Amino acid sequence: MSKVTVVLGSFYGDEGKGKIIDYLGGMSDVAIRATGGNNAGHSIEVDGVKYVFHLIPSGILNKGTLAIIGNGVVIDPKVLIEEIDSLKEKGIDVSNLRISTKAHIIFPYHIAMDKMLEERRGKNKIGTTARGIGPCYCDKYERCGIRVEDLYSKHFKEKLKINIENKNQMFKLYGFPELDFESIYNDYQKYAKRIKKYVCDTTILIHDMLNQDKKIIVEGAQATLLDIDFGSYPYVTSSNPTIGGIISGSGLNASDIGEVYGVMKAYSSRVGEGPYITELKNKTGDLIRELGHEYGATTKRPRRCGYLDLVALKYACLINGITALCMNHLDTIGKLPEIKLCVAYQKNGKEVNFSTNEEELKGVVPVYETFTGNFGDISSIRKYKDLPENAKKYIERIEEYIGVRIKFIGVGAGRDEEIIR
C-alpha cells in the first residue's frame, strides 16, 4: 500500500514549501490541499514563468496529477475561478482539479466581518489578511456555514438569506454597510455553475487512489507556529496547518501517513503581529529581507526577518512527527559575513522552555551560537560534499540540535537549485 507524503511549514509560513512540493509533486499521482484558504500562497517558477497558487494544489502543474482541494479548505469561489482562468491562460490543463463537497464557502459577509473585527481591535490587531478566512471557519463551527454541496441544494437560497440577514444586524449595530442579498445570491449561482464539474466526494476519491497504490502528496498551507492550537495564539491562522489538520482536512487516517517533510529557511521570517524571539529590527534584518525577497506572495507585505530559531524548530518537529527537514535559502544567509543560530531561550538569566504564550515570552532573549558566513556562490552545487566547510558546519549543527536530517537544501531560487541528500 502507498503511503502519503506530507509537506508542511515549520515556522510562521513562507518557508518556500512550493519548491519542495514542486519537486515531490513531479513523482506524485495526487496532490492534496487540506487546510486554510486564499490567505496562503505558493510561488513556483517553471521555465521562466511564475505561478502563484492560493487555493489549487500546485501539483496541478504536473501533467496527469490529480489536484484535490480537501474538505478542510475554505474556498472563495471568485478567487478560485480567477486562479483556474489564470492557469488556463498559461496553458495549464485544470481538468484534473477536484473540489470537496464538504469544503466551506467564503462569502462577502465573511470578508466584511474580517475587516470590521480587525478595525475594532485597534492596537490589539492580529494582522489578518482580511480574506474572510477566520469568520468562515467561525460559521463552520457555529454550524451555520455553507458548504460546496449546499450551492447545489434547493435550500441554498434560504440558508444564504438567513446568514446575510443575521450578519447585516451586526453590521448595522457597528455602523458598517449592510450587504445586498440578491446580488450575492446571483453571483454565487454563477460561481456554482463554473466549478460544478470539479466537485465530488474527495474523501472517497483519495481512498480509492490509496487502494490503487497511487503516490499522494499533501501540500501544507501556512505553518506550525500559526496553528490555531499550537501556534502563538491569538496571532495565528484559523485552522490547523499541523499534521492533525492534514488528516481532518482531507479524510486521510494516521496510518496513511509516511514521510513528513518540515520546510524551513536557513533563517526565519514572520508576517503579521505576534511574538518572534529571533527577529532582527536592525540593518541585518533589513538585509536578510532584501536578499531573500521577503515580501508576501498573497499580501505583498514586508516580512519580519531574523536568525534561525532552533528551539522553535525542535517544537515543530515534536508536534508534527517530522521525519526529514527541507532547508531553503542557504545561499541567502550565506551572503552574510556572520550567521547566528538560536540554541536556547533565557529569561532573567535562566534558561526557559519554548512557549507560544505571549506573556511568558516577555523578557525572553535568544542565546546564540555564531558561525562564519560568506559561502560564496553556491547556486551551481548539487552535492553536499561540494559545499563550503562553513556551510556544512552550519547545517550539521542544526541537525545535531534537532535530531532530524536535512534532506533537501535550497541553494538558489530556481527549481533545480537544490541539493538532495
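Does the stretch 104-194 come out rounded, prolate or oblate by the C-alpha gyration tensor, with a ≥ b ≥ c the root eigenvalues, rounded set by a/c under 1.5 and, if not, prolate when a/b is larger than b/c and oblate if not? Note, shape of the stretch 104-194 comes out prolate. Between VAL46 and ILE204, residue separation times 0.36 nm minus the direct Cα-Cα distance comes to 53.7 nm.
Taking each residue as 0.36 nm, the span from ASN390 to LYS196 lengthens on full extension beyond its C-alpha to C-alpha distance by 64.4 nm. Could you compute the FRET efficiency for LEU173 and SER86, with r as their C-beta to C-beta distance and R0 at 45 Å, rounded to 0.05? With a Förster radius of 45 Å, E is 0.70. Which shape class, rounded, prolate or oblate, goes with the stretch 168-296 when its Cα gyration tensor gives a ≥ b ≥ c as root eigenvalues, a/c under 1.5 marks rounded, and past that a/b bigger than b/c marks prolate? Taking the square roots of the gyration eigenvalues as a ≥ b ≥ c, the stretch 168-296 is oblate. Between helix 202-211 and the chain there is an angle of about 50 degrees, using the helix long axis and the longest principal axis of the Cα atoms.
Its DSSP H runs of at least 4 residues, each contributing -39,500 (n - 2.57), put the calculated 222 nm mean residue ellipticity of the chain at -10000 deg cm²/dmol, to the nearest 500.
Å³ per residue of the Cα convex hull, for the stretch 165-206?
Details: hull volume 4.5 nm³, N = 42.
So the per-residue hull volume is 106 Å³.
If you plug the beta carbon distance of ILE126 and LEU287 into 1/(1 + (r/R0)^6) with R0 = 22 Å, you get a FRET efficiency near 0.20.
Return the Rg/Rh ratio of the stretch 266-314 with Cα-based radii and a Kirkwood Rh.
Working: Rg = 10.5 Å, Rh = 11.0 Å.
With Rg and the Kirkwood Rh in hand, the quotient comes to 0.95.
Taking the stretch 87-149, which trypsin sites (Lys or Arg not before Pro) meet the DSSP loop condition and have no more than 12 other C-beta atoms within 10 Å?
Values: sites: LYS88, LYS90, ARG98, LYS102, LYS115, ARG120, ARG121, LYS123, LYS125, ARG131, LYS140, ARG143, ARG147; in loops: LYS90, LYS102, LYS125, ARG131, ARG143.
Those satisfying the criteria are LYS90, ARG143.
Restricting attention to the chain, close to 40% of DSSP beta bridges with both partner residues there are antiparallel. With distances taken between every two different alpha-carbon atoms, the stretch 266-397 has a Kirkwood hydrodynamic radius of 16.0 Å. How large is log10 of I(q)/I(0) for the stretch 80-237 at q = 0.10 Å⁻¹ when the intensity is taken from the Debye formula with one equal scatterer per alpha-carbon? After summing over all Cα pairs, the log10 values are -0.47. Taking every C-alpha pair closer than 8 Å and separated by at least 6 residues, the mean separation divided by the residue count of the stretch 264-420 gives a relative contact order of 25 percent.
Against the main long axis of the alpha-carbon atoms of the chain, helix 310-320 sits at an angle near 40°. Listed cross-link partners LYS19/LYS159; LYS125/LYS314; LYS88/LYS215 are compared with a 31 Å cut-off, the Cα-Cα value being larger for LYS19/LYS159. Taking the 0 to 90 degree range and rounding to the nearest ten, how far is the long axis of helix 389-402 tilted relative to the main principal axis of the chain, both from C-alpha atoms? In the chain, helix 389-402 runs at an angle near 60 degrees to the longest axis.
Per q in 0.09, 0.11 1/Å, what log10 I(q)/I(0) does a Debye calculation on the alpha-carbon atoms of the chain return? Listed by q, the Debye log ratios stand at -0.56, -0.83.
Full extension of the segment from ILE162 to GLU259, taken as 0.36 nm per residue of separation minus the current Cα-Cα distance, would add 30.5 nm. Ignoring lysines fewer than eight residues from LYS172 along the same chain, the ones with Cα atoms less than 19 angstrom from its Cα are LYS115, LYS161.
Since every read-out is calculated from the coordinates, none of them should be taken as a lab result. Every value quoted in this text rests on a predicted model; they were computed, and no experiment measured them. Quick reminder, even Gly has a Cβ in these numbers, built from the backbone with ideal geometry, and neighbours come from all protein chains shown.
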